[in-house]
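Here the structure comes first, spelled out in structure tokens, and everything after it is commentary.
Please treat every number below as a calculation from the coordinates, not as lab data. Just so we're clear, the structure is a prediction, and the values are computed from it rather than from any experiment. Cβ coordinates were reconstructed from backbone atoms using ideal geometry, including for glycine residues, and neighbour counts include every protein chain displayed.
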Amino acid sequence: MRAMTAHKFPMINWAEGGVTKSARWRSEAGLPPHGKLVVVDDRLSVDAAWKLAGEGSAMLWRGDWQNARNLLQGLSRRADRQPRAGSQKKPATPAEAFEQHRRNQGRRAQLLALLLVPLSADYGVPLRRAQDVRQACSEAYGPPTGEESLVSLRELLAVISAHEWRKKGIPVPAVEGRIYPHFGVFSPVRGEYVDLVAKAPLPAHCELAFDIGTGSGIIAAILARRGVRKVVATDMDERALACAAENVEKLGLSAAVHLLKTDLFPEGRARLVVCNPPWLPAQPTSPVEYAVYDPDSRMLRGFLGRLASHLEADGEGWLIISDIAEHLGLRSRQKLLGWMEMAGLRVIERLDTRPQHPKVQDAGDPLHAARAAEVTSLWRLGRAEGIN
């Protein structure tokens, strides 16, 4: 768990009842405190809230908790309406479609984040009919800081949702158990890459493996279940490491999986090195998006560029990646192969599978063409001849 102290949260100020008030401002997306803030309650309609949001005004809710959730749903439906005909130029390329989609999603998130709710010093919600969110907030934010704070209702609902997933977990047959994702850590809901790791042939005499960017620990757990005696799993994010530690402990694999906070590789060489980097070269807008978006393909290029120096002579590197970036025109297959060649790597085999997530079938998705053509691959890579 990543404990945060109060000074890491800036102050937000507003006028209420003729008095200037202040509290700590919480935003996992790193949004600055709002400059325009009005106090609202159950009398606020969706139309009025939409108008305030359009003017850039944040709304501090003082009414009923359930009515706040209903209002947010109304704003969500308003934001989800298709733009009026001719209000947006039809994208000429898949890359333009992706950029337009990201802009639309960003504007939607920005508008919905303007509905705020208060948190008391112990993470209670001082609203009528409010649910108890104290445990969920403690898991996401760390122990209470002893100060009141404000948070967007949208973020708080995500904190609650993460808490529920953490309680019940996600069944993963390949680990003979469940994975319990934490808030801010990417959940292994895309089962096709899990199946690839579970079925790919292990290198002979594989006693040591590295799992680069372990996240929830799912890949490290699969390798340990498959008989790898020691798996060194790395990550830079403290939440991810805490999540992975909890998962391997619950699976009874703590003796085999060793967690390490470092950027990409641990020291030394291994018979197997596995990495499932973010698949899209774009800028994330929140911490959890770092599992999806990799600015300038930094992690992908870093993994490929240093892989040969961390492989035993007859070892393998497994790169797990979708080709959706290729279908969106964000990165070509030739560029990916070029990075492999420049790094002194050769392709032993490529194992492919088709995604099964619901968006593949959603013709209304603006990225449907790319998703329908998407293939997820596990690239088995070895050191090229003459590479030490």
Task: Among the listed pairs 36/167; 90/199; 199/261; 8/261; 167/335, those beyond 30 Å (Cα-Cα) - done: 36/167; 90/199; 167/335
TODO: Sequence neighbours fewer than 8 away in the same chain don't count; with that in mind, list the aspartates and glutamates whose C-alpha is under 16 Å from residue 230.
DONE: 207, 211, 249, 267, 312, 316
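Mind checking the dipole of the chain: about its Cα centre, +1 per Lys or Arg Cβ, -1 per Asp or Glu Cβ, Debye to the nearest 20?
Numbers: 52 positive and 44 negative charges, 151 e Å.
For the chain, the charge dipole is close to 720 debye.
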TODO: Could you tell me what percent of the DSSP beta bridges with both partners in the range 135-267 are antiparallel, to the nearest 5?
DONE: 25 percent
Open item on the list: Just to be sure I understand: with springs between alpha-carbon atoms less than 10 Å apart, which residue in 91, 278, 355 has the highest mean-square fluctuation in the Gaussian network model of the chain?
Closed with: 91
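Lys and Arg at +1, Asp and Glu at -1: add these up for the other residues within a Cβ distance under 11 Å of residue 126 and post the number.
Values: positive: 62, 128; negative: 122, 148.
Here the count lands on 0.
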Task: For the range 6-165, the spread of Cα positions along each principal axis, largest first, Å - done: 52, 34, 27
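Reported to two decimal places, what Rg/Rh ratio describes the range 157-277 when computed on Cα atoms with Rh from the Kirkwood expression? Write out the running numbers ahead of the final one.
On the way: Rg = 13.5 Å, Rh = 14.2 Å.
My calculation puts Rg/Rh at 0.95.
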TODO: Run through the DSSP bridge list for the chain and note the antiparallel percent, rounded to the nearest 5.
DONE: 45 percent
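Net charge near residue 234, counting Lys/Arg +1 and Asp/Glu -1 over other residues with Cβ under 13 Å of its Cβ?
Details: positive: 261, 306; negative: 211, 235, 237, 238, 263, 267.
In short, -4.
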- [ ] Could you tally the net charge around residue 212, taking each other residue with its Cβ under 11 Å from the Cβ of residue 212, Lys/Arg +1 and Asp/Glu -1?
- [x] -2
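Please get the size of the charge dipole for the range 6-165, origin at its Cα centre, with Cβ charges of +1 on Lys and Arg and -1 on Asp and Glu, quoted in debye to the nearest 20.
Numbers: 23 positive and 17 negative charges, 146 e Å.
Its charge dipole is roughly 700 debye.
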